[in-house]
1. From a point 7 Å beyond the Cα of S95 in the direction of its Cβ, which residues of the range 118-154 have a backbone N at a distance under 12 Å?
2. Give the order of R308, R326, R243 when sorted by the count of other beta carbons within 10 angstrom, beginning with the fewest.
3. In what sequence do S126, S30 fall when counting other Cβ within 10 Å, fewest first?
4. Going by how many other Cβ atoms sit within 10 Å of their own, how do F238, F262 line up, fewest first?
5. Compute the FRET efficiency between S126 and Q60 as 1/(1 + (r/R0)^6), taking r as their Cβ-Cβ distance and R0 = 41 Å, and round to the nearest 0.05.
6. Just to be sure I understand: with springs between alpha-carbon atoms less than 10 Å apart, which residue in G199, G346, G112 has the highest mean-square fluctuation in the Gaussian network model of the chain?
7. Under 5 Å between amide hydrogens, which residues at least 5 positions from R119 or on another chain qualify, with H placed 1.01 Å from N in the peptide plane?
8. Just one of (1) 1.11; (2) 0.93; (3) 1.03 is Cα Rg over 2.2 N^0.38 Å as worked out from the coordinates here. Which one is it?
Amino acid sequence: MMEVLCAPAGLAAWEHPRQGVGDIAGAGFSQALFDMALPFPVKELRRKGHDRAWLERRWQAARELGRQFRQAGVRLPLGYAPHFGYAAADWPEVSVYRSLIERSIRLGQEAGCRYLVVRPWLAQLSRQELWARNRAFYLSLVDCAREYGVVILLENQARSVHGHLVRGVLSEAEEAVSLVDELNEAAGETRFEFCLNMGASGPCGMNVQELVQTLDGRLQAVILCDSDSGEERQLLPFTGAGRLVCETDWLSAIRGLRAIAFDGWLVLGMLDTAAAFPPLLRPQLLALARSVAEYILWQVEMEKALARYPRRVLFGAGNMCRNYMRCYGEQYPPLFTCDNNSALWGKEVGGLAVKNPEELRRLPEDCAIFICNIYYREIEAQLREMGLKNPVAYFNDECLPHFYAGRLPEGEA
């Protein structure tokens, strides 16, 4: 079953994490991402990463961040390791990076992490040579990961070319699958899986649906955030908009996750949005963020919601009803649909009888009513005013693989 984690970047300061951690817990998040990159800002890490005393102080800060989460009752099943950003020239030798990751594995296990996101090592090499070096790098982590019981998640990357982000290693579906499978075969066990970072998808023009469906069975986490078409940003989903549309291809992402019946972690990232909000408003922002995560969770699990009930009816006889029947009518057939428009009673929509809403009073109480109309809250209030005790659920057709493309008969809504 999918679970939602909150990423603390922008919400909890690594120097003084208590307030931000409390805000995350207060918003109802029971799990969070253990972001060990927070005490290691990329610019500082590049300059001071050789200073052992500085490194030790920052590792202690990371440990304290984990302690604050545990004290607040927030679990940390997934960790995120420090890294050096998207510019190849900023990355050190692979041995330096490996030492950071091994420390992250040990600290993550101490905090309760079962999985750790480790970005690929980056250098100014040909794609083939970079692949080979990363294969060797990840395999060098196997013994440490096995000792501490941690699974390593590879992540799709962008790379910076003169300040503009383009596709990097693991951004192509076949490449990502090939490397994960090669690593697991060499390790002799499933020690590697994948994390999809939506923030690196927008700037790179990735086909997210193709990547998700190709990764089927290997995808363990998805970082949910809006980016834009030119650079990496972590915005609260659905807030990165321009020209009346969202910059991030959520339609493809949700379709892909739904197609593979994804059951891993959804990690809500909103660094830039949270940092722009005044601290006094962050609890309200987190309340909205939780609703956004639950909306995406609902969209991905739409089919699971339909399968949850042994019997179901629909409320609404318009295009949304037709879309339901086209995509799910055969597998999850409704008993009938109903509509407030009396002119439709006694007719059929997509082979489904349209009835007076009063017929809902005859239903057994275990039969769910799925509202197929955008006036969800108004119709739900109507059903409750009728005294119905049936489960009421919402159906939404924004992310279906197929849509009814015909015209409604005159008089239908």
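Where a number appears in this text, it was derived from the coordinates with a stated rule and is not lab data. Here the structure is a predicted model, which means the values were calculated and not measured. Every residue, glycine among them, receives a Cβ derived from its backbone with ideal geometry; neighbour counts consider all protein chains shown.
1. none
2. By the 10 Å Cβ count, ascending: R243, R308, R326.
3. The fewest-first ordering by Cβ neighbours comes to S126, S30.
4. Listed from fewest to most nearby Cβ atoms, that is F238, F262.
5. Approximately 0.55, to the nearest 0.05.
6. Top of the fluctuation ranking is G346.
7. A81
8. (1)
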